Amino acid sequence: MRNSALKPVEIFVGARAINVSEPWHNTLQFFNFSKIDMMITFQDGHFILPFYTYKNDNMKQSFSFSYFNQTDNKGRIIAGNMVFAGRYTDRVTVVMSYGLQGFQRIDASGITVNRIIGYY
């Protein structure tokens with residue numbers, strides 16, 4: 001099935017850190033969906049992180065994005081992983097390369113989730 005044929009459902013709208021321990025929805029669970037799009041902000045950048053769950057919420061999900069900050073003229077590469085667990089995200093870890101240096105672990109709460117859309 002092509003992604004364009006998948007039915008979108010809004011799971012979350014607001015502003016929360018990616019590593020919160022609260023449920024993202026009152027009833028919908030991540031394993032109900034084949035694909036999840038997570039709209040996030042990091043510093044002043046906006047990104048969409050796509051996840052293919054295959055209706056399985058105990059798979060480790062990986063993500064990455066890059067960001068150039070015009071204030072300090074430095075690039076950042078952010079990478080991380082997490083597990084979708086029912087209505088929650090679990091075991092969120094994030095690392096960042098600043099100015100193309102080595103990766104170091106950073107606090108995941110610096111990534112804000114603004115919207116989550118699931119696709120049946």
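Every number here is computed from the coordinates shown, using simple stated rules; none is lab data. Worth saying up front: this structure is predicted, and the values here are computed from it rather than measured. Here Cβ is always computed from backbone atoms with ideal geometry, including for glycine, and neighbour counts include all displayed protein chains.
Other residues whose C-beta falls under 14 angstrom from the C-beta of HIS25 contribute a net charge of 0, scoring Lys and Arg +1 and Asp and Glu -1.
Within the set of other residues whose C-beta is less than 12 Å from the C-beta of GLY80, count the net charge using Lys and Arg as +1 and Asp and Glu as -1. Once all neighbours under 12 Å are counted, the net charge is +2. Test of understanding: in a Gaussian network model of the chain with alpha carbons linked when under 10 Å, which of THR71, THR93, THR27 would top the mean-square fluctuation ranking? Taking springs between Cα atoms under 10 Å, the residue moving most is THR71.
For LYS74, no lysines have a Cα closer than 24 Å to its Cα, not counting residues fewer than 8 places off in the same chain.
In debye, nearest 20: dipole of the chain around its Cα centre with unit charges on the Cβ of K, R (+) and D, E (-)?
Using only the charged Cβ atoms, the result is roughly 300 debye.
Of (1) 2, 11, 22, 24, 18, 12, 7, 4, 1; (2) 2, 11, 20, 20, 15, 11, 9, 6, 4, 1; (3) 2, 13, 26, 27, 22, 9, 1, which one was derived for P(r) over Cα pairs in 5 Å bins from 0, in percent from the structure shown? Computed from the coordinates, P(r) over Cα pairs in 5 Å bins from 0, in percent corresponds to (1).
Roughly how far apart, in whole Å, are the Cα centres of region 78-120 and region 38-62? Each part reduced to its Cα centre gives a spacing of 7 Å.
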